[in-house]
Amino acid sequence: MRNLILSLLLFSSTLLAAQQYDLVLEGGRVMDPESGLDAVRNVGIRDGKIARVSTEPLTGRRVVQAAGLVIAPGFIDLHQHGQELASQRVKAFDGVTTALEMEIGAPDVAQFLKSKEGHSLIHYGSTASHAAARALIFGTPLPPEVINPRGGIPEILPKSGPATNQPATPEQIKQIQQRLRDELDAGALGIGMGIQYTPGATRLEVIDMFRLAAERKLPVYTHMRSFGRGEPGSAIESVEEVIGAAAISGAPLHIVHINSTCLADTLDCLSLVEGARARGLDVTTEAYPYIAGMTEINSALFNPGWRERLGIDYGGLVLPDTGEHLTKARFEELHNSSTPNSVLVFANTQEMVDATIPNPLIMIASDGAPGHPRNAGCYSRVLAQYVREKRTLTLMEALRKMTLMPAQMLERSTPARKDACGKAPTRTSSFSIRRPSATAPPSKNPWNRA
Ligand SMILES: [Zn+2]
């Protein structure tokens, strides 16, 4: 009898433990774009994971009353350059719990991951940088001590010069590929290619990078080759180039900020993505809800001809800190400087942005870095402008663009890497989207000098 009572006691305490969650979100409107659930529920979270979604009351060590609020998965930003603490903080306020540097990639993935370990507020990760690999092989590596003065993070874009503008020899292409393989082994989530920042890269070099990604079953994230309507070298041709490379190689392709490259032709560019997908190609894309872009003024993006390609003049370039509109003389001074300086680029129209964001192919990704409001407000702005004001998106559709679609994109990296790990078990620790540290980090690492 005593034994029975004891086991009953043990049984009931086990039951109680099973029902106790670390955190309970009580009575919120739970919205899950994957299952379509949109109802008032209680959410039990244990060990950082959603353990239960229920109509029944749940008990937790901490209970947050969520009545009148929406509970959704954390937003995943595939395109976030600002990886320092100040940016991570504002990302979290914008709903982002995972912010990855996928467009260009950190110049040294091992160093980046090490610098973030235990010093990150949200999940982080990076692609392997083709631009940095190319600079390294051309003998002008991106030095970690070159810090973007405003962003407080190491510069990811090379200054326009031989390493960006000259074609690589077949031998150099092999060396770039080897560097990228090493970066993938160090934990990179795919290949990042800013083709417009390395205009010397030939079509064949681009295809060879896609072939490397295909070899690892990993995607290529790319900022495409060119803006504008002038042929050759139009935005349409740029989309064709990367879709062609994906078709030839078999690598999944993610076109970053299609609105920022295709400008007035964005809907036509989207129709190319749609056509490629309809024929079975794994092609995805993203956009941010602003008319201005931002990039480094000494990069190859501003090589001669940029005004014609962008359809703007010097005055369309604005320094974010001062609001100064550039003149020809000021542009030349900054473009020729070896100090990186970000510049806002006013090249888009509100009409185009409004037509792009609701398109079902578009994921939301911020391209965030300090100096542009998209670093802090990208996701809130989509919810405010397109869900609440213009009503061109439902809340569920917007959440799908911010959570499920990027998560499904990242599945291209995770299972592929798991396969690779199956063949080479020693590498199992090298891959993951890195988890944030539990506490606020007292970091002195170079990614954290804001
Ligand atoms: Zn870009």
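The values are calculated or read from the model by the stated rules, or taken from the named source; none is laboratory data. Predicted model only: the values in this text are computed from it and were never measured. Note that we place each Cβ from the backbone using ideal geometry, even for glycine, and neighbour counts take in every protein chain shown. Protein only, heavy atoms only, side chains kept; ligands, DNA and RNA dropped before computing areas. Shrake-Rupley method; radii C 1.70, N 1.55, O 1.52, S 1.80 Å.
Go through (1) touching a helix residue (DSSP H, G or I) at 6+ places or on another chain (Cβ under 7 Å); (2) open to solvent by 10 Å² or more (accessible area, probe 1.4 Å); (3) of a type outside the set (S, T, Y); (4) within 16 Å of the ligand (Cβ to nearest atom) and name the single condition M352 misses.
The failed condition is (4).
Mind telling me which of the residues E296, E241 ends up being open to solvent by less than 40 Å² (accessible area, probe 1.4 Å), within 14 Å of the ligand (Cβ to nearest atom) and either in contact with a His (Cβ under 6 Å, 6 or more places away or on another chain) or of a type outside the set (A, V, I, L, M) (or both)?
Testing whether each residue is open to solvent by less than 40 Å² (accessible area, probe 1.4 Å), within 14 Å of the ligand (Cβ to nearest atom) and either in contact with a His (Cβ under 6 Å, 6 or more places away or on another chain) or of a type outside the set (A, V, I, L, M) (or both) leaves just E296.
List the pairs whose first member sits in the range 351-366 and is over 20 Å from G377 (Cβ atoms), whose second member is at pLDDT below 95 and in a loop (DSSP other than H, G, I, E, B), and whose Cβ atoms are under 9 Å apart, counting only residues at least 6 apart or on separate chains?
none
Of everything in the range 195-222 that's within 16 Å of the ligand (Cβ to nearest atom) and over 20 Å from E274 (Cβ atoms), which residue is most open to solvent (accessible area, probe 1.4 Å)?
Result: P199.
Here's the yes/no breakdown for (1) within 25 Å of the chain's Cα centre (by Cα); (2) on the phi > 0 side of the Ramachandran plot; (3) of a type in the set (S, T, N, Q):
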site	(1), (2), (3)
Y314	no, no, no
L326	no, no, no
S337	no, no, yes
V345	yes, no, no
P358	yes, no, no
S366	yes, no, yes
G371	yes, yes, no
C378	yes, no, no
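Working carefully through the options A247, A287, find the one that is within 13 Å of the ligand (Cβ to nearest atom) and either at pLDDT 95 or above or closer than 29 Å to A384 by Cβ (or both).
Of A247, A287, the one residue that is within 13 Å of the ligand (Cβ to nearest atom) and either at pLDDT 95 or above or closer than 29 Å to A384 by Cβ (or both) is A287.
Scan (1) more than 16 Å from the ligand (Cβ to nearest atom); (2) in contact with a Leu (Cβ under 9 Å, 6 or more places away or on another chain); (3) at pLDDT 95 or above for the single condition P154 breaks and write down its number.
That leaves (3) as the condition not met.
Residues are listed down the side, and each one gets a yes or a no for (1) β-branched (V, I, T); (2) in contact with a strand residue (DSSP E or B) (Cβ under 9 Å, 6 or more places away or on another chain); (3) open to solvent by 50 Å² or more (accessible area, probe 1.4 Å):
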| site | (1), (2), (3) |
| --- | --- |
| V63 | yes, yes, yes |
| V70 | yes, yes, yes |
| L78 | no, yes, no |
| D108 | no, yes, yes |
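Could you tell me which of the residues P33, P73 is more than 30 Å from E296 (Cβ to Cβ), under 22 Å from the mean Cα position of the chain (by Cα) and at pLDDT below 95?
Step by step, each of P33, P73 is checked, and only P73 is more than 30 Å from E296 (Cβ to Cβ), under 22 Å from the mean Cα position of the chain (by Cα) and at pLDDT below 95.
Mind checking which residues of the range 264-280 are more than 21 Å from V206 (Cβ to Cβ) and either within 15 Å of the ligand (Cβ to nearest atom) or modelled with pLDDT under 95 (or both)?
T266
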